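*Asks:* Before I ask anything, here is the structure I am working with.
The values are calculated or read from the model by the stated rules, or taken from the named source; none is laboratory data. Values in this document were obtained by computation on a predicted structure and should not be read as measured data. Here the Cβ positions follow ideal geometry from the backbone for every residue, glycine too, while neighbour counts run over all protein chains shown. Only protein heavy atoms, including side chains, enter the accessible area calculation; ligands, DNA and RNA are left aside. Shrake-Rupley method; radii C 1.70, N 1.55, O 1.52, S 1.80 Å.
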Amino acid sequence: MSAVVKLANVHKSFGPVKVLDGVSFEVGRGEVVAMIGQSGSGKSTALRCINALETIEEGAIEVCGHRIHDDTLDKRALRQDVGIVFQSYNLFPHLTALQNVMLAPTCVKKIGRKEAEALGRDCLARVGLAEKAGHYPEQLSGGQQQRVAIARSLAMRPKVMLFDEVTSALDPQLTGEVLKVMEDLARDGMTMILVTHEMGFARRVANTVIYMRQGRIWESLPGSELANPQTAELRDFVGSGL
Ligand SMILES: Nc1ncnc2c1ncn2[C@@H]1O[C@H](COP(=O)(O)OP(=O)(O)O)[C@@H](O)[C@H]1O
Ligand SMILES: [Mg+2]
């Protein structure tokens, strides 16, 4: 069976700085991959390359059958298959939670209002916010806003979800409610790649943990093995985090 996401020997530099130095990994359908590592190790860049927000100099990336490195890549089709959620939620402040979630399905996919509203309410329910549909972002906590951002992404019915440190700006309690949403998605079979500092979460939810260091995959191991790294560097990094 072919992988949903496949990176093969990916190289990426910003000017003289090598940021991805021969990165290869695959994500199967329904799999959860957690990327961990020090700041600057290339995690965000890897996610951005997968969604074609960055170009690569060498190697190949295939996502849901889209060949990212091809000149003929249809970015619009790619981005309908791939949802990405960042640390900053960037909701439209003048739109309600429901309107934020409905926006892309109506504007990009041109689906009708009624259908979009039903879809939007369904997606809000999936992140536990059915009753907040009419609230504006400023009336919601950071954790709730981030869950709306996840619902907004789900409304495009992606085949893969990318999460880049989506809980890093949240306090521990709000972090917990967002992690729970991601855990539910994983249990429902969503294919996910997530960058996180939450070691316990990675250990519990990730099929595979990838430890990035200096633009390389320094160590890759099953999430369940995260307490027993093979390399001294990952041992140091995990340290007291578990
Ligand atoms: N747009 C950019 N222009 C120049 N350098 C960048 C850019 N984006 C990231 N970098 C550099 O690439 C390296 C890896 O960054 P990043 O992928 O964001 O790491 P991480 O997410 O692991 O913290 C860092 O040294 C960062 O400064
Ligand atoms: Mg980053």
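*Asks:* Looking only at strands (runs of 3 or more DSSP E) that lie completely in region 1-52, which have at least 2 residues being in contact (Cβ under 8 Å) with a residue 40 or more places away in the chain and surrounded by fewer than 20 Cβ atoms within 10 Å (Cβ to Cβ)?
*Replies:* Output list reads 5-14, 17-27.
*Asks:* Inspect region 57-70 for any residue being surrounded by 14 or more Cβ atoms within 10 Å (Cβ to Cβ), modelled with pLDDT of 95 or more, in a helix (DSSP H, G or I) and of a type in the set (D, E) and give the result as yes or no.
*Replies:* Checked against the condition, which is being surrounded by 14 or more Cβ atoms within 10 Å (Cβ to Cβ), modelled with pLDDT of 95 or more, in a helix (DSSP H, G or I) and of a type in the set (D, E), region 57-70 yields no hits at all.
*Asks:* Related question: Out of all the residues in region 13-51, which are near ligand 1 (Cβ under 6 Å from one of its atoms) and in contact with a Ser or Thr (Cβ under 7 Å, 6 or more places away or on another chain)?
*Replies:* Of everything in region 13-51, just one residue is near ligand 1 (Cβ under 6 Å from one of its atoms) and in contact with a Ser or Thr (Cβ under 7 Å, 6 or more places away or on another chain), namely V19.
*Asks:* What residue, of R213, R187, R152, R157, is open to solvent by 40 Å² or more (accessible area, probe 1.4 Å) and either among the small types (G, A, S) or over 30 Å from N100 (Cα atoms) (or both)?
*Replies:* R213
*Asks:* Name every residue in region 84-130 that is free of Cβ contacts under 8 Å to residues at least 40 places away in the same chain, of a type outside the set (A, V, I, L, M, F, W, C) and loosely packed, with under 14 Cβ neighbours inside 10 Å, in order of residue number.
*Replies:* Result: K110, G112, R113, K114, E115.
*Asks:* Filter region 131-147 down to the residues that are farther than 17 Å from D171 by Cα and open to solvent by less than 20 Å² (accessible area, probe 1.4 Å) and list them by number.
*Replies:* Of everything in region 131-147, those that are farther than 17 Å from D171 by Cα and open to solvent by less than 20 Å² (accessible area, probe 1.4 Å) turn out to be A133, P137.
*Asks:* For residues that are of a type in the set (A, V, I, L, M), touching a strand residue (DSSP E or B) at 6+ places or on another chain (Cβ under 8 Å) and more than 16 Å from K43 (Cβ to Cβ), tally how many sit in region 1-33.
*Replies:* 3
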